[in-house]
1. Hey, any idea what Rg/Rh is for the range 455-557, computing Rh the Kirkwood way over Cα pairs?
2. Normalised by the number of residues in the chain, what is the relative contact order in percent for Cα pairs under 8 Å and 6+ residues apart?
3. By count of other Cβ within 10 Å, fewest leading, how are HIS315, HIS466 ordered?
4. What angle, in degrees between 0 and 90 and rounded to the nearest 10, separates the Cα long axis of helix 358-370 from the longest principal axis of the Cα atoms of the chain?
5. How many percent of the alpha carbon pairs in the chain exceed a separation of 31 Å?
6. Output the relative contact order of the range 3-267, whole-number percent, from Cα pairs under 8 angstrom with separation of 6+ residues.
7. Run the simple label-point estimate for ALA488 and HIS466 please: 7 Å along Cα→C-beta, distance reported in nm.
8. Hey, could you get me the Stokes-Einstein D for the range 3-267, Kirkwood radius over alpha-carbon pairs, 4 °C and 1.567 mPa s, rounded to whole µm² s⁻¹?
Amino acid sequence: MKPEFLKYGLLGLLFATSFVFWGFIHSELLFYMEHYQMFLTDFSYFVERVSVVGGLADYIGEFITQFFYYPVLGAAFIAVLYVCFLIVTQKSFKIFGVNENFYPLSFLPVIAVWAFMCNENLLLNFFTAVFISVLTFTLTDRIKPFVIKPVIVIILYYLLGPAAMITPLMYALREFKENKVLVVLTVLILPIEAWLFSRLADYPTESFFVGIDYLRFPFRSYLHLIMLMICPLLPYLLSLYNKEFSQKKSYITSLAVVVSASVIVLNSPSRVATETIKLYELTYNQKWDEIIEFYDKKQTANTYAIQCLNLALAHKGVLNEKMFCYYQPGILGLVSDFQTDMFTSLVSGEVFFRLGAYNLAQRYAFECQENIANFRSSSKLSLRLAETAIINGDYSVARKYIIRLLKTAFYKKQAKKYLDLLASGKKIETSPEFALAFSQKLEKDGAQEELNAGAVFSHLLEKNLHNVLAMQYYHAYSMLTMNYKALANSLELLNINGVPQIPRHIQEALIYYYYNQNKTLKNLPKSISQNVVMAFQRKNIEDSFWKYVVFVNKKTSK
């Protein structure tokens, strides 16, 4: 194989694998990244971004992130960026005089940044800053006047943030033998500059050394900062290798890089986090069959994943028939009170929105947006806030969100549609988008109080007895809290909603209640299936309400 074929083959492999990885294997990560940003197309937004340290990297990163609205398009952007970063890295290798047969090792920075990007809280502006820093080095390396490079470093730091230290480190290592004064100046100027900026801005000093806004949750991890050393040190250390490195060794190195990259990248995403995000993505897009199919394969054991599963079962009309075929953590498997960690409460907010508890859905969406750790807005959350404001009759509030969404690329069409509806007045209540919502919305559903999920489900049924989702959740809540009287007294709802027979889990709960009250199974109502009675007599508790009872009793006895 000729060396050129190897280079182009590895380049094509990088593009193809990264495109498949981000577009199909872990497209939920792109959904998550896009979910928590709102890129506006007006000039004032650009000024707002570049007015702070690292603002240009922020702006470019958010510009690209908006395209993650379509995962395949977002994956194509990332794949192109990886290829460009690889080409720039190879250029830096040439500047350092690295042996051409070390070509496969130029993939290491790309692989590293790929792995770090699998952290769902790492923003794209970090990769943008790293890429521009290495690119700046390759474009300005030949500049000779002594004062120019320190000026470049100062400007670059302001535009990109601490990732700009890559450029002076590469300058320093490139000139290490010939100009030690330049080395000292370029290395020292960045920490001095960072300290000065920290005195002038209202940020912790630490931010100016590790990044003001590279992670959505600041200082949760510094692992990504390894990139600041990989990019300059790798070409420098390889340039020191003066022994022969044959083409055969290059082929072996290529194979080792491909195998290592596969292992590292595929194991970089957090399994539980990505599976939960995937389930929420499917919930947001109302893909109920896919949720059940995905959960059956993965069995993700956390409350937020189970909330997505239970909502999907309810939409399929089988929540009270199949919910105990899966692990149930109590009422937290239905909904949870608001949490300030930004993501987890999105699922409960989605449940409330689908059930018709729009005040609670609005509160959860608002609080989630307010708790975005880097103080940004979210297009998806803003759209949900506009929808709930319309349903609740707060049209002036809805317009506030809609006007902002009109400045986005991918939410503009929906925002324009809602704005036209607002202008039409009474048509809103009869429009396909909001007719059902107006018929079942509550004046009060506990949005300003401590969450009482049972009361919420009960109020929804009082408002609309034909709210089948609320009925299933009320019955599920009654079983999970073992409120057998409430369950027995609400069976008429099944007839009202045309349910031909009592769902299996409700039968199991009624049998258990009847047996504990009467110590016999004689004279059971005819609506109770004999198959369910026989399962109880044989103590066959698998995939049943009875297994949940045993689990709860064991838990409380400890």
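We did not get these values from a lab; they are worked out from the coordinates using the rules stated. Model, not experiment: these values are computed from the prediction. Reconstructed Cβ throughout: ideal geometry from the backbone, glycine too, with neighbour counts over all protein chains shown.
1. 0.98
2. 13 percent
3. Taking fewest neighbouring Cβ atoms as first place, the list is HIS466, HIS315.
4. Approximately 20 degrees, to the nearest 10.
5. Cα-Cα pairs in the chain separated by more than 31 Å: 58 percent.
6. 23 percent
7. That separation, rounded to one decimal, is 3.1 nm.
8. Rounded to a whole number, D works out at 67 µm²/s.
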